[in-house]
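The values are calculated or read from the model by the stated rules, or taken from the named source; none is laboratory data. Model, not experiment: these values are computed from the prediction. Heads up, the Cβs are rebuilt from the backbone with ideal geometry, glycines too, and the neighbour counts pull from every protein chain shown.
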Amino acid sequence: MKTLATLTVLCLLSITLSFGQDQASGDFLAYIDGKISAFPGSGGNEFSEPTIGESNTWNTAITEVMNAQYAQAHTTLAGLGYRLVEYTDNVSGSVYYIVEKLSSASNYWGIYVFNPAPDRSTLIIQGPHPKYDTNTGSQAAYVFREIGARALFLSGTHRCNDSTASSCSGTTSACGNSEAFRISDNPHNTNTIFHTTTENLFDAIPNSIFIQLHGFGKESSDPYVILSNGTPLQPLPLDFLARIRDELFVEDNVLTFKIAHLDNWTRLTGTTNVQGRMINASADPCLEISTGNNGRFIHIEQEKTRLRNDVSGWTKMSNALARVFVADGGPNTVVTFSPVLSSADETAGTTTMTLEIQNPSGSQATTVEVVLTTGDPADVNNYTTQTITFPAGSSASQTLDLTITDDQDLEGDETLLFSLQNPAGGNSATIGTMSAHALSILDDDDPDLVVNEFMPWPAGSDASAGGATRFDSNGDGTYSYHYDEYVELVNKGTAPADISGWKINDGADRHIFPANTIVPPGGAIVVFGGGTPSGSFGNSIVQTASESTSLGLVNTGDQVFIKDGADVTQLSFTYGPATRPVAFVRSPDITGDFVPHPLTSAYSNEDGTNAQASPGVRQDGTPFGNLDTGVQFASSGTTVGEAAGQINITLSISNPSSTQATSVDLVLTAGDPADIDNYTTQTVTFPAGSSTSESIPLTITDDLLEEATETLTFTLQNITGGTNASIASPATFDLSITDNDFSPVADFTADLTSIEEGGTVSFTDQSTNGPSSWSWSFPGGTPSASTAQHPQVTYAVAGIYDVTLTATNAVGNDVETKVGYITVTVPGNCATINFEDFESGWGIWNDGGNDAWRSSGDASYANSGSFTVRLQDNTNTSVMTTDNLDLTAYSSAEISFSYITRSMDNANEDFWLQISTDGGNSFTTIEEWNLNDEFVNDQRYNETVSIDGIAFTASTQFRFRCDASANNDQVFIDDVEIRGCGAGQSSVLADTPNTISLGRDEIAGEGRKILEHTATVQHIEVGKLEDHAEFSTNLHPNPASQIANLDLMGKTDQEADVYLFNMHGQVIQVYHLDQVENNRIALPLTGLTNGVYAVIVKSGQRTVGVHRLMVFK
């Protein structure tokens, strides 16, 4: 910090005055860092919005800078409290022109740097949150200098500096609770100098590209980098995001990525960013999302540690961008498209694309191929790859004429993507950044289908609606802001419109029209967001969203597409802010423009007033289409179980004749009739004048065949009677029958898996597919077998035991064996002193202060329940400490707990468990857990720490302490149990004759074979034993990762063997001791995998110690 301050002062002292702009020299990055550090922080209200006059004057000054009229720009800026500094960077040798605030001025509009000799003249680097997103301002300045960009923009205050809400759409929790963006949040306010300058350069620099560098706090499900164009739409024609991802991965292969339009990723994608909206041609960047994506706005969100923490990360970013965006000029010939977007009507006949060249060779021509990479060649007269030639010495543009095919196909607007490939000749010719061209061909073959009405905001958001009433669009009796959204389509043609497989899409598919969705001539279909629609809706076809629980119609404005089965857009509509509960409708119906729906008596709102919506009918409540009779299924299908017995299929009728009955055949067109009691075609008749639905009962055949799910399709055929009766949509019904004839899948659980001798375990059958009988095997238990579904078993002898269940039904059986499932221990003298899950308070633990929290807000980090303790930073309050505990009755202790860490991203970050025996006056560290050694972030660990060799007192305290570096570096501790143990306490198991024999000459089967032939026996010499006193054993730590210590306490005059077994009864290691007297053996665990092992100590024919060892690395 001192070095930076010194550099900043030196830079400031080097400023001199000239006749025009001011001049300065020094380290450019240090100069910018000094400016950023002086920007106002959060909450000071120093930010001010410019007036219209100030914005106009500013634009004049920026234009003067861009035209190298520096003295004039300096004078113009002075009237705004700003100045122009000609700055020479002593590191790179570059000269920059910096627009910055005068020290006496109070309008903190940011700092703007212009490079008169850029390497990449179309590239603008922006740091919109240099005071909020850590290091992004310094990173932006570094990238700007290293890649030679055209300009650098940095916002002039913290994003939360001013408390006034922006009028632009969107909310954030960056400044506290969820609220509207602040006016000082430059990417979310169009009335800022930051936005004005973006507009200026976007217009002034053809094909300019704006890169915004942001930062975010990574959650467990997040990638390290999120890339977007400020919209989920596919960019055309230039898609740089995948290339940036690939080049960043070359720089750092630990990085993970999400790209908005490729990965359907929605978090932190900049859709409310007003610069992105403007660049992507939003009609109102403040309020409306972008309706296109030209690829020229690049929004990069970065996790802190790998890309924006220091110069090493900044270098990764600059290296990657330098490879993606080709440098201007230089010795190479460069060929590009200009422009990169064009459109033409299908009836236009021809259209032209233009190619440009830089640095042509004076002696050699340059060639490049124009390749159609996306789209149908038939749309441009069966286009084939064309080679374009630039003559030697010529810098003139070259053109390529295309012939457009005018067909009669209903195909919607189509976009064809052309790419430059295979450059040759010139001065080692290359392809520039503008390497693709998107040609949109506007279809002149209009579909007969039209979007006539839609409802974005039927209910919900009471506070935003100002107390407005609600509308139950789907008539199901509930008011849902999702389910009551709807889109109404009308067939204005004279023939039925089959839209099976078409989609409603707003960036994601919301509804796919099912098979046999046929809209009759003049008829309508209305699609609701969900629920159970109830009502006639003017006899229109009614469906609900199939791909989500809503249609995704955003209250503040959206763009929605109707696409055909080939994903070609046939219809689209865009709207701005909606009002609750007012639909948008064409006026007049079908042919007019969209307007707010007028009042109609056809429907009512929640408060009884006339609605401003008419789903399924015209504005005046009259039905669409003619009054011909139509018969259709009430739904398109259902799924039932094979044991359902009888079900009904329901048919409905519209516009029945008052004088003539209507009949239709219900035909099984796919599937086995035997599955429904050998079904044969039935004729269904609607009496004259009746609009009552008719139901046809079907009997499901319940057989004993294992046959999986079967689908039967019924079709309506041969309709007669009524008024010009026809079959309407849905005309088919799919009945799926799920089979119930499956062999069981055996599974079970136990209420306890670790008990003491004499304990009882209750087993619960969890088998699936309906078993009818159960056969259990319980080695070591009483009973040793059972046929009960949920048996109880008592274990008398310590050991580790398998459990087996065979589940059987009429179809077959299945066996499930859980090896080593039940652990039975000899009763010990360890006693639980305290267990605390923090659900009801701190218990015996004490809150250390500001950096220790017990909060249900951290429920996602709790091991159980909703509360856990969060320790953060490394202050004297980053602790949790017990009350004084009287442990004088115990010779050792154990502490078990669960923990998970978040955002500990420095190698020296850790946390400790400490003990005090003098009432908290002094503490000694018992154990510490270090990043990357004992833990990684966002992974849960369960620990047991054994504490011995300490003389406990009546004033013993335990303390956890966090040793991190910031408030967002945290450890969450939960379910802490403190146990006191007497002298010689061990987790001793008895012999386990049903699994492995323990005598050295008694080990059976594979265990004996391994012992005799492959086990390594280590011979340990000890002193001569003097008596026959008993001895005990203690194994610690447990769980262990690298080494487990086995303490042998007491004396014996016999030899002792120590065996390490895996749970298959195989001997892993053997230690032999001729004599034993108060020894410790270190058992190496480096070659073992995570799991449960047995450590068994034998002296003569007696088992004197058996331990269950958990290995966890």
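Take the residues of the stretch 328-347 that are of a type outside the set (Ser, Thr, Tyr) and not in a loop (DSSP other than H, G, I, E, B): which is modelled with the lowest pLDDT?
Leu341
Which strands (runs of 3 or more DSSP E) sit wholly inside the stretch 788-870 and have at least 3 residues that are in contact with a strand residue (DSSP E or B) (Cβ under 6 Å, 6 or more places away or on another chain) and under 20 Å from Arg979 (Cα atoms)?
Values: elements: 792-795, 799-808, 813-825, 831-836, 845-847, 852-855.
By residue number, 813-825, 831-836.
Quick one: what pairs do we get from the stretch 497-518, first residue touching a residue at least 12 places away in the same chain (Cβ under 8 Å) and in a loop (DSSP other than H, G, I, E, B), second hydrophobic (A, V, I, L, M, F, W, C) and surrounded by fewer than 18 Cβ atoms within 10 Å (Cβ to Cβ), C-beta under 6 Å, 6+ apart or different chains?
Going by the 6 Å Cβ cut-off, the qualifying pairs are Ser500/Ala515.
What about Asp814, is it farther than 30 Å from Ser898 by Cβ and within 42 Å of the chain's Cα centre (by Cα)?
yes
Being in the same structural domain as Thr650 (by TED's automatic domain parsing) and modelled with pLDDT of 90 or more: is that true of Phe733 here?
The answer is yes for Phe733.
With the structure loaded, tell me whether Ala893 is among the hydrophobic types (A, V, I, L, M, F, W, C), touching a strand residue (DSSP E or B) at 6+ places or on another chain (Cβ under 8 Å), closer than 20 Å to Gly843 by Cβ and at pLDDT below 90 or whether it fails that test.
In short, yes.
Look at the stretch 779-805 and say how many of its residues are among the hydroxyl-bearing types (Ser, Thr, Tyr), more than 46 Å from the chain's Cα centre (by Cα) and either surrounded by 14 or more Cβ atoms within 10 Å (Cβ to Cβ) or more than 12 Å from Gly758 (Cα to Cα) (or both).
Adding up the residues that qualify gives 5.
Across the stretch 599-620, what is the number of residues that are in a loop (DSSP other than H, G, I, E, B) and either more than 28 Å from Ile518 (Cα to Cα) or free of Cβ contacts under 8 Å to residues at least 24 places away in the same chain (or both)? Even if it seems obvious, please write down each step before you answer.
Kept after step one, since they are in a loop (DSSP other than H, G, I, E, B), are these residues of the stretch 599-620: 599, 605-609, 613-616, 618-620.
Checking which are either more than 28 Å from Ile518 (Cα to Cα) or free of Cβ contacts under 8 Å to residues at least 24 places away in the same chain (or both) leaves us with 599, 605-609, 620.
So the count comes out to 7.
Is it the case that Val335 is touching a Phe, Trp or Tyr at 6+ places or on another chain (Cβ under 9 Å), more than 16 Å from Tyr383 (Cβ to Cβ) and either surrounded by 16 or more Cβ atoms within 10 Å (Cβ to Cβ) or assigned by TED's automatic domain parsing to the domain that holds Gly432 (or both)?
Here the answer is yes, as Val335 does meet what is asked.
Determine which single condition Gly592 fails, assuming it passes every other condition in (1) more than 30 Å from Asn740 (Cα to Cα); (2) assigned by TED's automatic domain parsing to the domain that holds Phe714; (3) free of Cβ contacts under 8 Å to residues at least 24 places away in the same chain.
(2) is the only condition that Gly592 fails.
So Ala429 ticks every box in (1) assigned by TED's automatic domain parsing to the domain that holds Asp379; (2) surrounded by fewer than 23 Cβ atoms within 10 Å (Cβ to Cβ); (3) touching a strand residue (DSSP E or B) at 6+ places or on another chain (Cβ under 7 Å) but one. Which box is left unticked?
For Ala429, the failing item is (2).
Please return the ranges of strands (runs of 3 or more DSSP E) entirely within the stretch 908-972 where 1 or more residues are without any contact (Cβ under 8 Å) to a residue 60 or more places away in the chain and not assigned by TED's automatic domain parsing to the domain that holds Glu303.
Answer list for the stretch 908-972: 910-916, 924-930, 941-948.
A quick yes/no check of all residues on (1) among the small types (Gly, Ala, Ser); (2) surrounded by fewer than 24 Cβ atoms within 10 Å (Cβ to Cβ); (3) part of a helix (DSSP H, G or I):
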site	(1), (2), (3)
Ser106	yes, yes, no
Tyr112	no, no, no
Ile125	no, no, no
Thr134	no, yes, no
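Thr669: assigned to a loop (DSSP other than H, G, I, E, B) and on the phi < 0 side of the Ramachandran plot, yes or no?
no
Please specify each residue of the stretch 877-913 satisfying the condition of being under 16 Å from Glu836 (Cβ atoms) and touching a Lys or Arg at 6+ places or on another chain (Cβ under 8 Å).
Val879, Met880, Thr881, Thr882, Ala893, Glu894, Ile895, Ser896, Ser898, Tyr899, Leu913, listed by residue number.
Does the stretch 23-77 hold any residues that are surrounded by fewer than 18 Cβ atoms within 10 Å (Cβ to Cβ), among the aliphatic types (A, V, I, L, M) and part of a helix (DSSP H, G or I), and which are they?
Within the stretch 23-77, Ala38, Ile52, Ala71 qualify.
Assuming Asp448 fulfils every condition listed in (1) more than 30 Å from Gly523 (Cβ to Cβ); (2) touching a strand residue (DSSP E or B) at 6+ places or on another chain (Cβ under 8 Å) apart from one, which condition is it?
Of the numbered conditions (1) more than 30 Å from Gly523 (Cβ to Cβ); (2) touching a strand residue (DSSP E or B) at 6+ places or on another chain (Cβ under 8 Å), the odd one out for Asp448 is (1).
Could you list, in sequence order, the residues of the stretch 887-907 that are assigned to a loop (DSSP other than H, G, I, E, B) and buried (at least 16 other Cβ atoms within 10 Å of the Cβ)?
Leu887, Tyr890, Ser891, Ser903, Met904, Asp905
Considering only the stretch 470-502, state which residues are surrounded by fewer than 17 Cβ atoms within 10 Å (Cβ to Cβ), among the β-branched types (Val, Ile, Thr) and more than 17 Å from Thr549 (Cβ to Cβ).
Correct list: Thr494 only.
At pLDDT below 90 and in contact with an Asp or Glu (Cβ under 6 Å, 6 or more places away or on another chain) - does that describe any residue in the stretch 316-323?
yes
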